[in-house]
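Novice: One structure is given below, represented as structure tokens, and several questions about it will come after.
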Amino acid sequence: MTILSRRGSLLLAGGALTTLAVAPTSVLAKPPAPPPHPDDSTAHFDSGFIRSGLPCDAWARLTMRRSGDFTFETHLHDSGADRINYTILAVLASHSGIVFTFKHSGHAGGLVGGSRNSNASATGHNPVVAREFDAILHGGTYKVRLEATDALARDMGRALTDLAKTALADPRAVVAKTMVTLVTD
């Protein structure tokens, strides 16, 4: 007998209970991973899945070239209902200590606010990339972080703050020491 659960399958065979591990699935579209460094003129860095505390997943890929050219690609999928505003931050530290920074901000619509996916690609050229390329290719460290906020919750917080300021502007009001949120629905 097989019992399916969200975490895997439970098999009951001969009175013994066995758990099979099943990799979680995701609707996040991720491009096929390139070889780490296909030749000595191109270096690829891939973040893998990055997550925030909200129902969204993202990835960020960076390609650096000996010529000084670079490409920074990002993707975010919003699996929740509300719109998500986000920023993907990335740094690449070369072996010699030069740090390159990358940032992309955007939004995805969620179930009720437009496209659930947000894609971006930025290309450029910088002579420092060309000069530092060997230190990038041989020991570059790539780190990525996703900062995401629920747009509806953020807007409601602003509205409550504005309303509190209006109440405090009333001549009968006292100076507020603390604002305590008691009901959020």
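The values are calculated or read from the model by the stated rules, or taken from the named source; none is laboratory data. Model, not experiment: these values are computed from the prediction. As a convention, Cβ positions derive from the backbone with ideal geometry for all residues, glycine included, and neighbour counts pool all protein chains shown. In case anyone asks, the SASA skips ligands and DNA or RNA and just uses the protein heavy atoms, side chains included. Shrake-Rupley method; radii C 1.70, N 1.55, O 1.52, S 1.80 Å.
Novice: Could you sort 142, 86 by their accessible area in this structure, using a 1.4 Å probe and putting the largest first?
Specialist: If we order 142, 86 from most to least accessible, we get 142, 86.
Novice: Provide the per residue accessible area, probe 1.4 Å, for the range 47-94, rounded to a whole number of square angstrom.
Specialist: Details: 1580 Å² over 48 residues.
Accessible area per residue: 33 Å².
Novice: Using heavy-atom solvent-accessible surface (probe 1.4 Å) with all chains present, what is the largest-first order of 40, 57, 134?
Specialist: Solvent-accessible surface, decreasing: 40, 134, 57.
Novice: Just to be sure I understand the model, the point goes 7 Å from the Cα along the line to the Cβ. What's the resulting residue 67 to residue 79 distance in nm?
Specialist: So the two model labels end up 3.9 nm from each other.
Novice: Rank these residues by their accessible area, most exposed first, probe 1.4 Å: 145, 66.
Specialist: Sorted descending by solvent-accessible area, the residues read 145, 66.
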